[in-house]
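Nothing in this text is a laboratory measurement; each read-out follows from the coordinates by a stated rule. Bear in mind that the values here come from a model prediction, so they are computed numbers and not experimental data. When we count neighbours, we look across all protein chains shown, and the Cβ atoms used for this are built from the backbone with ideal geometry, even at glycine.
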Amino acid sequence: MPGTLAATDQPITAENIRRIACDCEVLPMVLDGDGLPLDVGRTKRTAPTHIRAALLQRDGVCAFPGCDRPPGTPDAHHIVSWLDGGPTELSNMVMLCGHHHRTVHAQRWEIAVRDGRPTFTPPSTVDLSRTPRPGGRATPAQHRALIERQLPRPRDPVDALAN
Ligand SMILES: [Zn+2]
Ligand SMILES: [Zn+2]
């Protein structure tokens, strides 16, 4: 029987557990076996504000190569998983949008911080040569501009008065 999220009772995969545990406040979960509740919560798993600020400065809202308009709130990904004892510190973390956070966990991209910049090495299923790719620095402004273009324009106040 797979592990379940206590809040949802939905079966989730081991990869999903690792991704969710990567950067969130509390993850009370029930593992299979004798059904003992196992609280894997630990305060330091969540990146403290000053680390998030430094990550945003270095990586923007997503450092994944080529990402340029990520929606939503970015996740502070642990390069060496917090579950494996990876520290919550700048050299072990990279800012990723939700989509690319799922991607690096599901496809097992290798990430290293070299000279203060993250480098992404794709799995052989993505690139047989496994050539490392330099990380980018996506800005949310581009995403905001995209959304603003799709919003209805507010009525001109002069027109509103005339009616
Ligand atoms: Zn992660
Ligand atoms: Zn991204």
Rounded to the nearest 0.05, what FRET efficiency is calculated for ARG117 and ARG18 with R0 set to 22 Å and r the Cβ-Cβ distance? 0.35
Amide H of CYS62: which non-local residues (sequence gap of 5 or more, or other chain) have their own amide H closer than 5 Å, using H built in the peptide plane? ALA138
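Using per-residue counts of other Cβ atoms within 10 Å, averaged over each peptide, order 114-124, 85-95 from highest down.
Working: 114-124: 14.5, 85-95: 18.2.
Those peptides, ordered most packed to least, come out 85-95, 114-124.
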If you plug each phi of region 124-140 into the Karplus form 6.51 cos²θ - 1.76 cosθ + 1.60 with θ = phi - 60°, what whole-Hz ³J(HN,Hα) values come out, in order, with x for Gly and Pro? 5, 5, 9, 8, 4, 7, 6, 6, x, 10, x, x, x, 8, 6, 10, x
For GLU110, enumerate residues with amide H under 5 Å from its amide H, sequence gap 5+ or separate chain, H modeled in the peptide plane. THR121
Long-range amide H partners of MET93, meaning residues 5 or more apart or on another chain whose placed amide H is closer than 5 Å, are ILE79
Could you run the Karplus curve 6.51 cos²θ - 1.76 cosθ + 1.60 with θ = phi - 60° over region 100-116 and give me ³J(HN,Hα) per residue in whole Hz, x for Gly and Pro? 6, 5, 4, 4, 5, 6, 5, 9, 6, 6, 9, 10, 9, 9, 10, 6, x
